[in-house]
1. Would you work out what percent of the accessible area of the range 464-589, with all protein chains in place, is carbon or sulfur (probe 1.4 Å)?
2. Accessible area per residue, 1.4 Å probe, Å², for the range 341-395: what's the number?
3. Give 394/437; 300/422; 522/626 a once-over and call out the pairs whose C-alpha atoms are over 27 Å from each other.
4. What residues have an amide H closer than 5 Å to that of residue 431, excluding those fewer than 5 places away on the same chain, when H is modeled at 1.01 Å from N in the peptide plane?
5. Provide the per-residue ³J(HN,Hα) series for the range 482-495, in order, calculated from phi with Karplus coefficients 6.51, -1.76, 1.60 and θ = phi - 60°, each as a whole number of Hz, with x at glycine and proline positions.
6. Determine which aspartates and glutamates satisfy two conditions relative to residue 438: a Cα distance under 15 Å, and not lying fewer than 8 residues away in the same chain.
7. Run the quick spin-label model on residue 654 and residue 273: label points 7 Å from Cα toward the beta carbon, then report their separation in nm to one decimal.
8. Please list the non-local residues whose amide H lies under 5 Å from the amide H of residue 507, H modeled 1.01 Å from N, same-chain partners needing a gap of 5 or more.
Amino acid sequence: MGILGLTTFMDDNLHLIKEWQLHDTKVVIDGNNLYHLIFYNNHVDFLHGGDYDQYARKIKEFFALLQTCNIQPYVVFDGGYEQDDKKFHTILGRVQQRLEMAIRLAKGQRGKVMPILAYETFKEVLLQIHIPFAVCDFEADREIGILANDLNCPVLSYDSDFYILPLSAGFIPFDSVNFTLQEDKREDGTTYHYLPARRYHVDNFVKFFPSLGREVLPLLATLLGNDYVDIRIFQSFYSSVRSYEGRTQFRIPKSHLKIQKVISWLESLETYKEGIEKLMETAGSLAQKETISVAIRKTKEAFTTNTTDSGFSLHSYFSDNYSVEIQGVEVKVPSSINVVQGYNGSAIPGWYLTNHRQGILPPSFLDIITLHRIFLLLQVEHTKSQSSHQCSLKLRQLMYGILLSEDITSLEKNGELAVNRKCGVEEYDRVGFDLTKKIVLPALVLEGYGPVPRLPALPDLLSSDKESFLREALNMPLFNLEHMTKDLELVLGIILYWVRNAKPKVTVYHLQAALVCLIMLKVKWVLIHRGPTGTGENLIETAVLETPIETVKEVRTRLHPFNAKPEHSSKHPVDSELIHGFAQLQSCILVGLQLNFLLQCPFPTPYLPHIFSGTFLYNFCQELQKRRSPDLFIRDVLAKDSKLPQVYQCLYDVLMNSLDPDGLLSDSKYKKRSKSHKDKAKKSKLIASGSSNPKSLELSPKTEKKSKTRLQYVANCQLTNRFAGLDLSEDSHGESD
């Protein structure tokens, strides 16, 4: 959530936050904040698509640091968006900001965009290192507060809501923690380690308002504005309050006039009742009074931690002894199931909510079921090409077919099928420089398989049927290779799907770089951990383990330079077209793995840090473009006398044998395109330097639209099965929500 201006206020009044040593304690961590913090604070590359192996290492280092300080973390993530849509415009604004940032990055300008596989990577690492975590049904703040009070431990987060929530053991803002290990001695002479931090407790603030007590907290949250309140209803109030400059007990810059007015007004009150009466006096009508009353009530309910609205208890979840094994890792099972309904009123199966709360299924799935809406994660890519997410559209339609199966069945019985949000999913994605929305209808039949499985029936479906469904969805052949594990099969199937569906087509260099990347990441792992990965030993890992260690080190040395961040400049601009190819691959990996999760993992889950490393892919692909003989170069860099080039060639051949001859962009076409771009860059440079007769060098004038949110419905025309008979010319603005 977040309360406008409160973090700034607290930063200006550090006497409210006390110095504290963080050690020997449990702590509840805001997971959504944490996975961003670790990524950005460690400067993991995001421009080229995400270096997930480096990110995984930093996650492990963070939790190892906590372990050294004897800190037991409980990580809690947000779930889906609330069904009342109160945050819709806030979310839409953030998506628009992400798009604008991605566009700037693609042009070589400054910015940052979290790569789309970061969240899944973070959860995979938590599972691997046995850090307890859970996903709430919807927003997590209140549930985090309840859990922290149950455990009598502090909360770690950036969210300003925790300044208002009555937490028994306090709130530690992330930016107040020094993550440099410190050492001290106890009175008995024993040594302990700690992290210097600052801890806030609500009583530190409340003591300045003795007449109001803790009731000042929800009142402050109401007047400053939060997700439950449209602060425009208090315009008359702000106008009626004069500033008591110099009388307040807090440091408030003059520029923060609203906070200054609210705090000084709260200090002037004798009782809470008096404050409510004065607020109501500023209302101009009965309707306004009712609106203010509702805002106060909702805020008060939101900032209490006595009970949860959900039947799902985080405390029970983390303390319950009942667990199951998933992917070889023991995972807790919630002791209670809350009833959540789909957008059209269908019931969501209990097994689904269990998997959601365990973090097996992404929160976006709940948005698809309850809101028929998804905000696709926008990436750094070539903005003149279609969105990278168009590459995975067919897979998403199959996912929608499963997730919406009950909603669609009920509509079909009543003859209500139409191209609208009731029957499809409202997708938000990039078209050119603009954010747009369109209705994407689910695929209800998969050619070669039959009707898509229904959501409630998935647990009873044979594993072989689930595997067949995913194979057909990806058009994945059986890879009859020695030491071929099913997790590697899934990766190769996703790569094939990517190459077949990429628009524009990817080059052979993209495919070669993707395969060498798989080998490089295994080489790194084996050298660092001195042994197998712990998953099924596939042909790549077998080859690495059977190669003499000195040769493996030599290969690592040759590949290592391609992991270095490229220095971009006007002379070496960002090649967004190259990045776009790998952005399409990331979209396919994300959706392919999500579909596997939804089907309850007929294929073992591949470990993301062993699949994709954006910087390496970018650098190595560029290197291959420069080489007169890329195949010979790959053989040399993989040590041609070892088994590694043989493994690479084996994987390359088996994929090429499954592709159409024209499935990849030819070398000559790509090099011609690259030369054209270089010529344009030279012309632009001559114009900028004031060359004579610049008009003769001008490029075709194209006006780039200013980036803005343009909301429009586009009926998706790739429809089959039961939707085939619908009139697609229907104006979908007339949909019934």
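The values are calculated or read from the model by the stated rules, or taken from the named source; none is laboratory data. Since the model is a prediction, treat every value here as computed from it, not as a measurement. Counting neighbours? That spans all protein chains shown, and the Cβs are built from the backbone with ideal geometry, glycine included. The accessibility values were calculated without ligands, DNA or RNA, using every heavy atom of the protein model including side chains. Shrake-Rupley method; radii C 1.70, N 1.55, O 1.52, S 1.80 Å.
1. Ligands and nucleic acids excluded, carbon and sulfur reach 53 percent.
2. With all protein chains present, the range 341-395 gives 24 Å² per residue.
3. 300/422
4. 436
5. Values per residue, Gly and Pro as x: 5, 6, 8, 8, 5, 5, 5, 4, 4, 4, 5, x, 5, 4 Hz.
6. Filter leaves 426, 427, 429, 730, 731, 735, 737.
7. 7.8
8. 665
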